[in-house]
Amino acid sequence: MNILLIILKVITFCILAYSTLLFFFYLWIGIYAIGETRRYVHKNGFTDYRMLASSPHAPSISIIAPAYNEGATIVENVRSLLSIYYSNLELIVVNDGSKDDCLQKLIDTYNLEKIDFFVRYQLKTKTVRGVYKSRNPVFKKLIVVDKENGGKADALNVGINIASNDFTICIDVDCILEQDAILKMVKPFIEETKMRVIASGGVIRIANSCEVEDGRLVKVHLPRQYLPRMQALEYIRAFLLGRMAWSRLNGLLLISGAFGAFDKEIVIKCGGYDHNTVGEDMELVVRMRRYMEEQKVPYKVTFIPDPLCWTEAPASYKILGRQRNRWTRGTYETLKFHKKLFFNPRYGLLGMLSYPYWFFFEMLAPVIEFFGFIVFLFLAGFGMIEWDTFFVLLLFVISFGYLYSSFAVFMEVITYNQYKRKTEIASLLLSALTEPFNFHPFVVWSGIQGYINIIRKKKAWGDMTRQGFQKTQPAKTA
């Protein structure tokens, strides 16, 4: 019995030490993000994006948008992407063997015809069945590729093979971009002179309950449903605080697959997206960074805090669980592929800080939290809990989490302030109170299910059924 008590005390101490270290990391992230956000906002105030938009010398961009069974929304989504104003741009929509009428709708709507096109298979992919361009010069920027089904990573690699420009922007086809999104994304590639920018990420915001007209976001609303609203809060924390701090340190390991810009030359040298993982976006960034470290070339991965891309978040526990399950598996697979980086001084900050942080506080977090809960139930069942101490620590953890969320909301209000109404800000803050008791436990459990799938060697992507964006209603006439 004494040995069991010693083991339990050691476990309790380890969990407490882990939580304390995580607390200080979050504190550092919150403080460190302030300076980077202020610096970006200040610099951005002196930038004339109109000159960049119309300049023939602006960096050449290829937008790559994979599409699979998107027939219900593909026309509107492509219309939204074509409306982006940029002088040196091509849009490549990759139909990844859709089983619906996705390709036919594109052919009919944009007057497409199959053309002779030599595909340079710099990256190995599934077979390309055809390349289409429009007979209408209005849509000269549009290229539609039809290929055998191979998954998102394979579709992105096909787009990279087809792309003729120097930089690629990879997005989800159902995302809605701000009109100046491309301008702000390419800015780091041209203003950085001391290091080579190999990738740049942008903020993803939640479009649930927002009003969309002809593929454009015309009015922003805070999501009315609970789960999308919690994800809106979560994204504000992750992007406006977390990724801004890591960007300032040049330690970013992840650029969202929904919207990211890449140096095409480096992507090809690294072998493109890996179809052996469900976390292909994170894996590519880590591999590109590893390549640059091994080549000993100064480089940078940047992040843009402006709200540039809007996407629909899961509104049901079933779909959200599948998403977080996949994220857990993707993180595990990426860190496993690149385990050589772990505390390896040869890779500098990447090996000594970024990788260990993701290993301990992102990949292992669900396991440690779940295990800690099991230990708590065991101790409580045997009457071994000092309840006064427990409730003090519980109150501290909940209060810190709420203050951190409130600080993220405050940063949003004083910077980009997308939610104009005070009632929406109040709703965000009230939702944060429920997170420790509802949303967060579900996310942890979804992560545990991800590990169960890893043990069972399940690699399914999971159905991400969407409800569609809210459309604006035409005004009624008298």
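No lab work stands behind these numbers, since they all come straight from the coordinates. Keep in mind that this is a model prediction, so the values were computed, not measured. Cβ placement follows ideal geometry from the backbone for every residue including glycine, while neighbour counts extend to all protein chains displayed.
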Report summary line: Amide H neighbours of D306 at under 5 Å, excluding residues fewer than 5 places away on the same chain, with H built from the backbone geometry, are V203
Query raised in the report: With +1 on each Lys and Arg Cβ and -1 on each Asp and Glu Cβ, how big is the dipole of the range 207-282 about its Cα centre, in debye rounded to the nearest 20?
Result: 360 debye
Report task. Considering Cα pairs under 8 angstrom that are at least six residues apart, work out the relative contact order of the chain and quote it in whole percent. Result -> 17 percent
Query raised in the report: Of K269/K340; K126/K269; K184/K296, which pairs sit farther than 25 Å apart, going by alpha carbon to alpha carbon?
Result: K184/K296
Report summary line: FRET efficiency for E294 and H440 from the Cβ-Cβ distance with R0 = 41 Å, rounded to 0.05, comes out at 0.60
Query - Angstrom value of the Kirkwood radius, inverse mean 1/r, which spans all Cα pairs in the range 127-218 - result: 16.1 Å
Query raised in the report: How high is the FRET efficiency between A72 and E113 when r is their beta carbon distance and R₀ equals 22 Å, given to the nearest 0.05?
Result: 0.35
Query raised in the report: Gain in length, D101 to K422, computed as 0.36 nm per residue apart minus the alpha-carbon separation, to one decimal in nm?
Result: 111.2 nm
**Report entry** Pair-distance profile P(r), taking every C-alpha pair of the chain, with 20 angstrom steps and integer %
**Finding:** 22, 57, 19, 2, 0
Requested in this report: Consider a paramagnetic label point 7 Å from the Cα of N136 along Cα→Cβ; state which residues of the range 108-124 have an amide N under 19 Å from it.
Outcome: 108-115
Query raised in the report: Of S405, I385, T423, which is farthest on the positive side of the dipole of the range 367-440, counting Cα position, with +1 on Lys and Arg Cβ, -1 on Asp and Glu Cβ, and the Cα centre as origin?
Result: T423
Report task. Between S55 and Q225, take the C-beta separation as r, use R0 = 35 Å, and let me know the FRET efficiency to the nearest 0.05. Result -> 0.25
Query raised in the report: Each residue of the range 67-80 in order: what ³J(HN,Hα) in whole Hz does its phi give by Karplus 6.51 cos²θ - 1.76 cosθ + 1.60, θ = phi - 60°, with x for Gly and Pro?
Result: 9, 9, 6, 9, x, 5, 10, 4, 5, 5, 5, 5, 4, 4
Query - Listed residue pairs exceeding 31 Å between alpha carbons, taken from K105/K422; K147/K457; K147/K264; K43/K124 - result: K105/K422; K43/K124
Query raised in the report: How much net charge surrounds D101 when only the other residues with a Cβ under 14 Å from the Cβ of D101 are counted, with Lys and Arg +1 and Asp and Glu -1?
Result: -2
Query raised in the report: So what's Rg/Rh here for the range 1-117, counting alpha carbon atoms and using the Kirkwood radius for Rh?
Result: 1.31
Query raised in the report: Highest mean first, what order results for 8-19, 151-162 on Cβ atoms within 10 Å?
Result: 151-162, 8-19
Query raised in the report: Each residue of the range 342-356 in turn: what ³J(HN,Hα) in whole Hz from Karplus with 6.51, -1.76, 1.60 and θ = phi - 60°, glycine and Pro shown as x?
Result: 4, 6, 9, x, 4, 9, x, 4, 4, x, 8, 10, 4, 4, x
Query - Prolate/oblate/rounded call for the range 309-430, Cα gyration tensor, a/c under 1.5 rounded - result: oblate
Query raised in the report: Taking the simple approach of a point 7 Å from Cα along Cα-to-Cβ for both I374 and Q179, what is their distance in nm?
Result: 5.5 nm
Requested in this report: Extending each Cα 7 Å along its Cβ direction at L395 and Y121, get the distance between those two points in nm, one decimal.
Outcome: 6.7 nm
Query - Radius 12 Å from Cβ of N344, net charge of other residues (Lys, Arg +1; Asp, Glu -1) - result: +2
Query raised in the report: Which of the lysines could a cross-linker bridge to K318, judged by Cα under 19 Å and excluding same-chain residues fewer than eight apart?
Result: K458, K459
Query raised in the report: If Lys and Arg each add +1 and Asp and Glu each add -1, what is the summed charge of the other residues whose beta carbon sits under 9 Å from the beta carbon of E283?
Result: -3
Query raised in the report: Sorted by packing (mean other beta-carbon atoms within 10 Å per residue), highest first, where do 289-298, 38-47 land?
Result: 289-298, 38-47
